[in-house]
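First comes the structure, then the notes that go with it.
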Amino acid sequence: MEAFQIDDLKINLNVAGAGEFSKVSYSLRYGHFNEISTPKYIFQFNLNGEIKFITGRGKSWPDPSEWLKRTVTNDWIYYSTGGYSGVYDSLGEYYLPCLPYPSNSINSSDPFSNKAVSSAIDSWHELHEKITTLYSDSLPNSLKSFFNLVIVQSPENLKHRSRSLRKIIGDRITVLPPDSRHVDYEVIPVIVADGCLYKCGFCRVKSRLDFLNRSREDIKSQIKGLKVFYGSDITNYNAIFLAQHDALHAGEELLEFAAGYAYKAFEVERSNLKGASLYLFGSVDSILNSNYTLFDRLEELPFSTYINIGLESADEETLAALKKAITPETVGEAFARILEINRRYKKIEITANFLFGDNLPKGHLPSFFQLIEKNIDRPLSKGAIYFSPMINGAVKERRGIKREFYKLKVRSRLPTFLYLIQRL
């Protein structure tokens with residue numbers, strides 16, 4: 001690490017953070033980054049010179065353990081401790097991501113309405129202007145190189161970059177798998193198939209396109225473009241999301257090709273982070289129609305693979321209300337298959353989604369418990385269940401959902417969490 005002091009800026013270059021994602025109740029940075037501290041803020045930049053994190057200093061900042069994170073699509077997300085009151089039990093993580101766009105969050109407060117938080121985002125613009133002013137040929141070479149990167153990655157250029165990502169992959173990523181929380185949603189997206197099978201009536205995030213696999217040439221083109229897009233910072237990634245909404249239905253040949261090609265092209269084995277993770281969505285039909293040879297091939301890949309299956313409900317009336325074209329019988333078959341795959345494979349974990357809300361038919365939750373009790377006779381540690389809250393916006397409703405979720409969690413025989421819809 002190199003340290004510099006210019007004006008009131010303390011600058012640390014080539015900072016080595018943690019080399020492995022962990023479940024910890026304190027602020028922790030991963031991979032390698034650069035850092036600038038001012039009297040009011042700590043700014044951290046990725047290896048491309050893009051602003052990544054901002055933490056406030058002093059009494060005006062809401063909590064010294066909370067921070068802002070900027071995503072590759074230029075969203076600012078506020079990481080809240082939630083007062084540490086049940087956040088880990090609810091989400092499986094110690095921090096609650098507070099999103100700047102409509103979602104199904106159970107959080108009733110808006111940190112972005114806090115002046116200290118909005119001022120922190122504005123302060124990044126001010127810092128960029130200051131760095132531009134301070135740049136000089138007389139600076140040490142390493143500092144000049146860093147300043148050059150930051151100057152190029154201006155607020156306007158970052159907006160442009162976020163739009164270019166969509167052009168590279170040919171679509172926007174409207175929802176990330178819940179299991180990608182294990183890597184703080186830091187995934188590189190590669191679209192292997194567009195559309196989905198069901199066109200469910202309740203869904204607000206999935207594509208209305210008919211399901212169609214991408215070609216191998218398209219996938220290769222995406223991966224080559226993504227390698228350029230992530231640039232030097234690609235060494236801070238060790239996770240790939242095979243998108244979009246039902247990649248499992250793409251079949252074993254295409255999945256193995258896309259995952260293997262991406263692993264080599266992104267040089268994941270050289271990542272600053274330990275291990276490699278692969279994430280994808282699946283459906284009831286795709287998991288029932290997948291041969292075990294598909295999972296055999298995934299098991300042989302150099303990834304820990306997480307596949308999230310949208311079951312939604314095991315109740316006939318609920319499925320009809322959701323306009324989801326599956327039956328309780330096929331949901332039961334899919335759930336049994338999920339359990340079998342989780343038992344059979346060490347490097348593959350299948351998780352499942354269900355919906356959660358006051359407005360669902362009365363048979364929804366009883367059918368879930370019947371499904372659990374029919375298939376599981378003891379608590380299991382593998383194969384999480386995610387409940388996605390159906391939120392209409394009322395603060396009272398959000399608080400009630402959290403209370404009811406805790407009652408449900410106690411009865412579940414699998415790790416059970418709330419699923420907050422987050423985009424890339």
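The values are calculated or read from the model by the stated rules, or taken from the named source; none is laboratory data. Every value quoted in this text rests on a predicted model; they were computed, and no experiment measured them. Cβ atoms come from the backbone with ideal geometry, glycine included; neighbour counts cover every protein chain shown. Keep in mind that these areas ignore ligands, DNA and RNA; they rest on the heavy atoms of the full protein, side chains included. Shrake-Rupley method; radii C 1.70, N 1.55, O 1.52, S 1.80 Å.
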Let me test this: with uniform point scatterers at the alpha carbons of region 126-187, what is the Debye-based log₁₀ I(q)/I(0) at q = 0.12, 0.27 1/Å? -0.52, -1.06
Along principal axes, largest first, the alpha-carbon spread of region 266-319 in whole Å comes out as 50, 24, 14
Mind jotting down the distance between the C-alpha centroids of region 79-118 and region 218-251, whole Å? 28
With label points set 7 Å from each Cα along the Cα-to-Cβ direction at LYS144 and ASN291, the distance between them in nm comes to 6.1
When the helices in the chain are scored as -39500 (n - 2.57) per DSSP H run of 4 or longer and the sum is shared across all residues, what 222 nm value do you end up with, to the nearest 500 deg cm²/dmol? -11000 deg cm²/dmol
For LYS40, go through the aspartates and glutamates and keep the ones whose alpha-carbon is under 20 Å away, minus same-chain ones fewer than eight residues off. ASP7, ASP8, GLU50, ASP63, GLU66, ASP122, GLU126, GLU129
Net charge around PRO379, counting only other residues with Cβ within less than 14 Å of its Cβ (Lys, Arg = +1; Asp, Glu = -1)? +3
Length gained when the stretch LEU408-ASP218 is fully extended (0.36 nm per residue, less Cα-Cα span): 64.1 nm
Compute the separation of the alpha-carbon centres of region 300-318 and region 1-45 and state it in Å as a whole number. 37
Per-residue accessible area for HIS364 at 1.4 Å probe radius, Å² rounded to 10? 10
Stick to Cα atoms and the Kirkwood definition of Rh, then tell me Rg/Rh for region 102-230. 1.07
Which whole-number percent gives the relative contact order of the chain, counting Cα pairs below 8 Å spaced six or more residues apart? 14
Cα gyration tensor category, rounded, prolate or oblate, for region 5-80 with a/c compared to 1.5: rounded
Where both residues lie in the chain, what percent of DSSP beta bridges are antiparallel, nearest 5? 50
Looking at region 294-354, I'd like the Rg to Rh ratio, where Rg is from alpha-carbon atoms and Rh is Kirkwood's inverse mean 1/r. 1.07
Using just the C-alpha positions of the chain as equal point scatterers, what log10 of I(q)/I(0) does the Debye formula give at each q in 0.07, 0.09 1/Å? -0.35, -0.58
Hey, with R₀ at 56 Å, roughly what FRET efficiency would ARG270 and GLU373 work out to, going by the Cβ-Cβ distance, to 0.05? 0.75
